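In what follows, a single structure is set out as structure tokens and then discussed.
The values are calculated or read from the model by the stated rules, or taken from the named source; none is laboratory data. A quick note: this is a predicted structure, and the numbers were derived from the prediction, not measured. Don't worry about glycine lacking a Cβ; one is built from the backbone with ideal geometry, like all the others, and counts go over all protein chains shown.
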Amino acid sequence: MKKNILIVFLCIIFPLILSAQTENQEQVKLIIRNAPTFTIEGSINYDYGVYELSGNYNGDFSPDQFINGENFGVRHGIGGIITVKVPLHKKGHIRGSFSVSYNNFSSKYSKALENLSEADFVKYNVISGILGVENSFTPSYKFKTYVGIGLIGSVISGKAKITADEISNNLTISPAFRLGITLNSGVEYMLTNRMGLNCGIRFTHANLWLKESKVSENPNEIYLNDKKVTTTLPYAGFKQFAWGSFFAGVNYYFGIFQKEYIYPKY
């Protein structure tokens, strides 16, 4: 009789206990994603000028330095950029990118000339296109890190109010096309397979090539005048239009698919 009870326990009850224990075991979920086939990234940025884009006197505008071609007369700026990223191979580590951006730089108004109704200033508008390449170290992960480099073409224009010998002049800075390079590094974090966040830093040197200084026939118009000249030319001198940026924004991903594998955890 006891033997029969033991057999019933081993054949029926014991498997049920094992099954219940297996169902209560903690499970491990493994998610595998592919790299996005297409990414659109939009960011806003704060810009800080360096070299001759960093005006002296703690950012206050100095008319004399601007007239003598010592600097561009500005330091701070804000802007935005939209970037399209496409992987150049299946794994997605190397990505080609194309960006369009807009940045506005303006001087901090000086209060030194209190007798003026409006303080002297300089403002620049920079519209750019960037063709670049990136190395994404973790393209299929939720947390993606990358570094990149690009060739940038920019149209730089602006306006200024200058007071010299107690005479104020309102000047237009004629649009100028310049070529340069950008270097950037950042991170992306996927919130879903379609959307994520991004942030990072970027260095831009917008006028490495095609510098030029010349005189305008219009007395109320000047050129960017960023090339060193041997003759005396107002507003002209060797000047580098370069700045660093901190950026943050959102990403939209396309073509991401994922597979889930569930394993029991022993």
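In the stretch 42-68, how many are on the phi > 0 side of the Ramachandran plot and part of a loop (DSSP other than H, G, I, E, B)?
Of the residues in the stretch 42-68, 3 are on the phi > 0 side of the Ramachandran plot and part of a loop (DSSP other than H, G, I, E, B).
Go through the stretch 159-186 and report how many residues are part of a strand (DSSP E or B) and either aliphatic (A, V, I, L, M) or more than 22 Å from Asn103 (Cβ to Cβ) (or both).
Summing the residues that are part of a strand (DSSP E or B) and either aliphatic (A, V, I, L, M) or more than 22 Å from Asn103 (Cβ to Cβ) (or both) in the stretch 159-186 gives 14.
Restricting attention to the stretch 155-192, which residues are crowded, with 19+ Cβ neighbours inside 10 Å and among the hydroxyl-bearing types (Ser, Thr, Tyr)?
Within the stretch 155-192, Thr182 is the sole residue that qualifies.
What are the residues in the stretch 195-208 that are surrounded by 13 or more Cβ atoms within 10 Å (Cβ to Cβ) and hydrophobic (A, V, I, L, M, F, W, C), if any?
Leu197, Cys199, Ile201, Phe203, Ala206, Leu208
Here is a list: Gly200, Gly255. Which entry is modelled with pLDDT under 95, in contact with a Phe, Trp or Tyr (Cβ under 9 Å, 6 or more places away or on another chain) and not hydroxyl-bearing (Ser, Thr, Tyr)?
Sole residue among the options that is modelled with pLDDT under 95, in contact with a Phe, Trp or Tyr (Cβ under 9 Å, 6 or more places away or on another chain) and not hydroxyl-bearing (Ser, Thr, Tyr): Gly255.
Residues of the stretch 161-189 being over 30 Å from Trp209 (Cα atoms) and more than 18 Å from the chain's Cα centre (by Cα), which ones?
Thr163, Ala164, Asp165, Glu166, Ile167, Ser168
Run down Lys211, Lys239 and say which single residue is farther than 20 Å from Phe143 by Cβ, in contact with a helix residue (DSSP H, G or I) (Cβ under 8 Å, 6 or more places away or on another chain), buried (at least 17 other Cβ atoms within 10 Å of the Cβ) and modelled with pLDDT of 95 or more.
Lys239
Of Asn225, Asn218, which residue is at pLDDT below 95 and in a loop (DSSP other than H, G, I, E, B)?
Asn218
Within the stretch 255-262, is there a residue that is closer than 26 Å to Ser99 by Cβ and either touching a Leu at 6+ places or on another chain (Cβ under 6 Å) or in contact (Cβ under 8 Å) with a residue 60 or more places away in the chain (or both)?
yes
Please determine, by comparing only the residues of the stretch 116-146 that are outside any strand (DSSP E or B) and closer than 20 Å to Gln65 by Cα, which one is modelled with the highest pLDDT.
So, considering only residues that are outside any strand (DSSP E or B) and closer than 20 Å to Gln65 by Cα, the one modelled with the highest pLDDT is Asp120.
Before we move on, is Val215 over 26 Å from Gly150 (Cβ atoms) and hydrophobic (A, V, I, L, M, F, W, C)?
Taking the combined requirement at face value, the residue satisfies it.
Could you grab me the full set of residues in the stretch 224-236 that are in contact (Cβ under 8 Å) with a residue 40 or more places away in the chain and surrounded by fewer than 19 Cβ atoms within 10 Å (Cβ to Cβ)?
Leu233, Pro234
Just wondering, is there one or more residues in the stretch 53-75 that are over 14 Å from Asp120 (Cβ atoms), modelled with pLDDT of 95 or more and under 21 Å from the mean Cα position of the chain (by Cα)?
The answer is no, given that none of the residues of the stretch 53-75 is over 14 Å from Asp120 (Cβ atoms), modelled with pLDDT of 95 or more and under 21 Å from the mean Cα position of the chain (by Cα).
Between Phe247, Phe254, which is surrounded by 14 or more Cβ atoms within 10 Å (Cβ to Cβ), under 30 Å from Ile44 (Cβ atoms) and under 29 Å from the mean Cα position of the chain (by Cα)?
Phe247
Out of all the residues in the stretch 69-93, which are under 16 Å from Ser154 (Cβ atoms) and in a loop (DSSP other than H, G, I, E, B)?
Phe72, Val74
Among the listed residues Ile149, Ile156, which satisfies the condition of being under 20 Å from Leu233 (Cβ atoms), part of a strand (DSSP E or B), of a type in the set (A, V, I, L, M, F, W, C) and modelled with pLDDT of 95 or more?
Checking each option against the conditions leaves just Ile156.
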